[in-house]
Amino acid sequence: MADVLIEGTCDPRFANVKEAFAENLTKRNEYGAAVAVTVGGRMVVDLWGGYADKARTRPWSHDTLANVFSTTKGLTAICAHRLAAEGTLDFDAPVARYWPEFAQNGKEHITVRQLLNHRAGLPGVRERLKAESYYDWNYMTGLLAAEQPFWVPGTSHGYHAITFGWLVGEVIRRITGKSVSSYFRDELARPLGLDCHIGLSEADDHRCAEIRQASPPAPGEFKSVRVCYQEPRFVDRQGLPQSVKWIEK
């Protein structure tokens, strides 16, 4: 991998960034990546290199798209903040003002702010899901509307790793009549000329970098993410049982 191609530009003051980027590709088993840094509104680092596929046959390009995973929560939150700036969304209003079905099982007083701050007590659902459930928006929002919080809303924080998009996204959809994907595209990405997407058309599939799955945990190895998926109440920091308290350390 010593001959990996790195393209783009880098201000000489940030040569160490380029060196670290190259080291990831040549010595740390990174297949491909891109990095961009701006200082004072000026681009000082704009680099890409390596490969966009597991077979290392397709070079990473300047317009290769990569899955940004939970960064999408930030994009969704930006959409909510835009609506708040326009006066159509009140962060301190109950979610049920915009999404009436949400007012079930003690959730009638949960505010939009609590959704955004991961304090709503809804990091998961108790019903066992099939894999395809994640692709059914109405089904998942229906489950969340009917769900009972795993802790008293507002009393604690717990990362809503999987549910945040449906919770905040449904509020956005109820106000605008658009999915988060459509709203973000129409109101933010296109007007700003951003090559950033929540959901992607088939026309852009060829630009996507492949995702390598992480190795499974060894037998008997503790996996905090798996525990939280199986027992959502564990993500409430104040409610962690002694057996997994060390996650916080």
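Nothing in this text is a laboratory measurement; each read-out follows from the coordinates by a stated rule. Keep in mind it's a predicted model, so treat the numbers as computed, not measured. Heads up, the Cβs are rebuilt from the backbone with ideal geometry, glycines too, and the neighbour counts pull from every protein chain shown.
Checking the a/c ratio against 1.5 first, then a/b against b/c, what shape does the Cα gyration tensor give for segment 54-132? Judged from the Cα gyration tensor, segment 54-132 comes out oblate (a/c at least 1.5, b/c at or above a/b).
Find out how many positive minus negative residues lie around Val180, taking Lys and Arg as positive, Asp and Glu as negative, among other residues whose Cβ is under 12 Å from that of Val180.
Working: positive: Lys73, Arg82, Arg173, Arg174, Lys178, Arg185; negative: Glu170, Asp186, Glu187.
Result for the neighbourhood of Val180: +3.
Ignoring aspartates and glutamates fewer than eight residues from Lys27 along the same chain, the ones with Cα atoms less than 13 angstrom from its Cα are Asp3, Glu19. Taking a ≥ b ≥ c as the square roots of the eigenvalues of the Cα gyration tensor of segment 6-64, is the shape rounded (a/c under 1.5), prolate (a/b larger than b/c) or oblate? Cα axes put segment 6-64 in the oblate bin. Cross-linked pairs Lys73/Lys130; Lys73/Lys178; Lys18/Lys73: Cα-Cα separations exceed 26 Å for Lys18/Lys73.
Taking every C-alpha pair closer than 8 Å and separated by at least 6 residues, the mean separation divided by the residue count of segment 68-111 gives a relative contact order of 27 percent.
Residue separation times 0.36 nm, minus the C-alpha to C-alpha distance between Ser182 and Lys130: what's the value?
On the way: separation 52, 0.36 × 52 = 18.72 nm, distance 2.60 nm.
Full extension of this stretch gives 16.1 nm more.
Distance between the modelled labels on Cys208 and Asp92, one decimal in nanometres: 4.2 nm (7 Å Cα→Cβ projection). From least to most packed, judged by other beta carbons within 10 angstrom and beginning with the fewest, Arg13, Arg185 follow the order Arg13, Arg185. Only one item in [x] 12.2; [y] 16.9; [z] 19.2 matches mean projected area of the Cα convex hull in nm² derived from the coordinates shown, and that item is [y].
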